[in-house]
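What follows draws every value from the coordinates through simple rules; no lab data is involved. The model shown is predicted, which means the values in this text are computed figures rather than measured ones. Here the Cβ positions follow ideal geometry from the backbone for every residue, glycine too, while neighbour counts run over all protein chains shown.
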Amino acid sequence: MNSPVLSTLPADQSAADSSMGALLLDAGKLTPENAERVLRMQKDLGIRFGEAAVRLGLITEDDVQQILARQFAYPYLQKGQAGLSPKLVAAYEPFSPQVEALRAIRSQVMLRWFARGRRALAIAGVDQDDGGSLFAANLAVVFSQLGEQTLLVDANLRSPRQQEMFGIKPRQGLSDLLAGRAGLDVIVRVPVFVDLSVMPSGTLPPNPQELLCREGFRELNTHLESRYDVVLYDLPPFAASADALAVAGRAGGVLLVARKHRTRIASVGRMAEQMAEAGAEVVGSVMVEW
């Protein structure tokens, strides 16, 4: 329950406990009267404030983890908060095995790609249901939790998913920007994650591939790379059109997503070959099981 970092700093224990108590009061998890009960138990047993509150049945372990996350600037949500999709496990279940795996992937991508001075990376799956969009959304969340200024661009101009994933109301987006009908104000900051922003796909155009192949998209990518630490592009399914090749070529690098027991290895191989021909470096591949 208690962070090992806190346990190695006994001199700061009272300050940390005091902060937890104040945050629990602010969040409405404790009343002043109950806080006094917690303080008495804490003093009698020599334990931490959060542990005492849990023992008294006043709060849950999840409440403690939520407050610790606030203290250490590691934002995440409790189920039902903020109206985001429950499939965003990085937002709602940050200590689950799935999210531990996501953080390991984040570390690998940082070393293999972003440490080389690159800022943009495309995320591509073979088919619509391979989990590429869901993986891209969760990866964007874990990058933002690292403190990286992160932008997730929904470059799927045929069947976009990110607007629904992040609870964004219908609005203009990437397609409108590329058509000269909107500016960078189409970018939406996700309020609950201060370092995360989303550019929705926007109006579904009749000519998505033509829009993505324009020189304006290359210029847009260059501009976004100058503004954000990490720019992730959620690509349309590779099997559906050549749109994914256009975006990946502009981004310069691509991470391939395959779904366990569904995506064929041969299909991933063909996608990797064509991505390389389009000028995108294949940074790696990920198998997901949603």
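Round to the nearest 0.05 the FRET efficiency obtained for R270 and D229 when R0 = 25 Å and r is the Cβ-Cβ distance.
Details: r = 32 Å, r/R0 = 1.28.
Computed FRET efficiency for R270 and D229 comes out at 0.20.
Work out from phi, with θ = phi - 60° and the Karplus expression 6.51 cos²θ - 1.76 cosθ + 1.60, the ³J(HN,Hα) of each residue of segment 153-162, listed in order in whole Hz, and give x for Gly and Pro.
Once rounded to whole Hz, the list reads 9, 7, 8, 8, 8, 10, 9, x, 10, 5.
Excluding residues fewer than 8 places away in the same chain, name every one of the lysines whose C-alpha is closer than 23 Å to that of K169.
K79, K87
Would you please state the base-10 log of I(q)/I(0) at q = 0.19, 0.22, 0.26, 0.28 1/Å for segment 86-133, with intensities from the Debye formula using one equal scatterer on every alpha carbon?
Values, matching the q order: -0.81, -0.97, -1.04, -1.04.
Relative to the longest principal axis of the chain, what angle (0 to 90°, nearest 10) does the C-alpha long axis of helix 132-145 take?
Approximately 50 degrees, to the nearest 10.
Rounded to the nearest 500, what is the chain's calculated 222 nm mean residue ellipticity when only DSSP H runs of at least 4 contribute -39500 (n - 2.57) each, over all residues?
Value at 222 nm, helices only: -13500 deg cm²/dmol.
Across segment 27-39, in residue order, what do the Karplus-derived ³J(HN,Hα) couplings come to in whole Hz, using 6.51 cos²θ - 1.76 cosθ + 1.60 with θ = phi - 60° and x for Gly and Pro?
The phi angles translate into 7, x, 7, 10, 8, x, 5, 5, 4, 5, 4, 5, 4 Hz.
Taking the chain as the reference, fit the longest principal axis to its C-alpha atoms, fit the long axis of helix 61-71 to the helix C-alpha atoms, and give the angle between the two in degrees, 0 to 90, nearest 10.
70
How big is the antiparallel share of DSSP beta bridges in the chain, given as a percent to the nearest 5? Write down the numbers at each step before the final one.
Values: 2 of 26 bridges.
Approximately 10 percent, going by the DSSP bridge assignments.
Treating the angle as unsigned and between 0 and 90°, give the value, to the nearest 10°, between the Cα long axis of helix 13-26 and the longest Cα principal axis of the chain.
Relative to the chain, helix 13-26 is tipped by roughly 70 degrees.
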